[in-house]
1. Pop the C-beta distance of residue 32 and residue 102 into the FRET formula with R0 = 30 Å and round what comes out to the nearest 0.05.
2. Dividing the alpha-carbon radius of gyration of the chain by 2.2 N^0.38 Å (N being the number of residues), what value is obtained?
3. In nm, to one decimal, how far is the residue 112 label point from the residue 165 one, both placed 7 Å along Cα→Cβ?
4. Using only the alpha-carbon atoms, how far is helix 124-144 inclined from the longest principal axis of the chain? Give it as 0 to 90 degrees, nearest 10.
5. Given springs between every Cα pair under 10 Å in a Gaussian network model of the chain, which of 119, 32, 19 has the largest fluctuation?
6. Once a ≥ b ≥ c are taken as the square roots of the eigenvalues of the Cα gyration tensor of segment 2-80, is the result rounded (a/c under 1.5), prolate (a/b larger than b/c) or oblate (a/b not larger than b/c)?
7. Given the DSSP H assignment, sum -39500 (n - 2.57) over each helix run of at least 4 residues in the chain and divide by its residue total; what's the result at 222 nm in deg cm²/dmol, nearest 500?
8. Work out the FRET efficiency for residue 190 and residue 60 from their Cβ-Cβ distance, taking R0 = 25 Å, and round it to the nearest 0.05.
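Every number in this text was worked out from the coordinates using simple rules, so none of it is lab data. All figures in this text were calculated on a predicted structure; none of them were measured in a lab. Backbone-built Cβ (ideal geometry, glycine too); neighbour counts: all protein chains shown.
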């Protein structure tokens with residue numbers, strides 16, 4: 001029991017260290033994780049510990065390993081500097097932009113081949129490039145970006161996909177296809193309003209209270 005308390009305290013201290021070095025407020029930090037600031041406060045006080053998937057998300061956010069969060073560090077040992085974090089974020093942005101440019105290069109290449117070889121204007125390639133670009137940005141942002149932006153990216157993906165399908169089949173005048181975007185957009189909005197509390201900690205407390213458990 002004492003070892004568990006020490007581990008919770010250690011993880012809380014490391015989270016505080018990294019958050020202040022970022023620098024981020026508890027509210028800003030909680031928003032990036034899609035949790036409440038109350039849950040973050042409990043982690044930092046050592047009252048509870050994040051789930052292992054959340055620990056991995058925290059480690060990725062600050063550019064450290066999960067082992068760093070579980071290890072003790074000297075007071076004079078400094079976490080990653082804000083400059084290094086900004087440099088890492090800048091590199092991530094450059095990689096994202098390059099990935100999107102590759103998508104549009106392929107679209108332009110397809111148009112060029114169609115025009116020069118098959119004598120056909122494949123303008124559809126540019127339409128398809130829009131939702132594909134959204135998918136690329138969504139994947140990369142989910143890996144290392146601010147996940148709160150995913151809601152906007154998914155919204156653009158929904159409507160650009162519907163517009164692409166409509167324009168590709170414009171001869172059939174399938175304008176009703178845009179009605180599919182209404183429940184899709186509503187789902188995204190509702191999803192964006194979800195906030196998670198510290199559920200793993202509640203489960204642990206129930207186990208501690210249950211008789212016959214060791």
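1. Numbers: r = 27 Å, r/R0 = 0.92.
Working from the Cβ atoms, E equals 0.65.
2. On the way: Rg = 23.2 Å, N = 214, 2.2 N^0.38 = 16.9 Å.
Here the answer is 1.37, to two decimals.
3. Between residue 112 and residue 165, the label points sit 3.2 nm apart.
4. Helix 124-144 and the main axis of the chain meet at about 10 degrees.
5. Ranking 119, 32, 19 by mean-square fluctuation puts 119 first.
6. On the way: a/c = 1.45, a/b = 1.10, b/c = 1.31.
It comes out rounded by the Cα gyration axes.
7. -23000 deg cm²/dmol
8. Working: r = 26 Å, r/R0 = 1.04.
Result of the calculation: an efficiency of 0.45.
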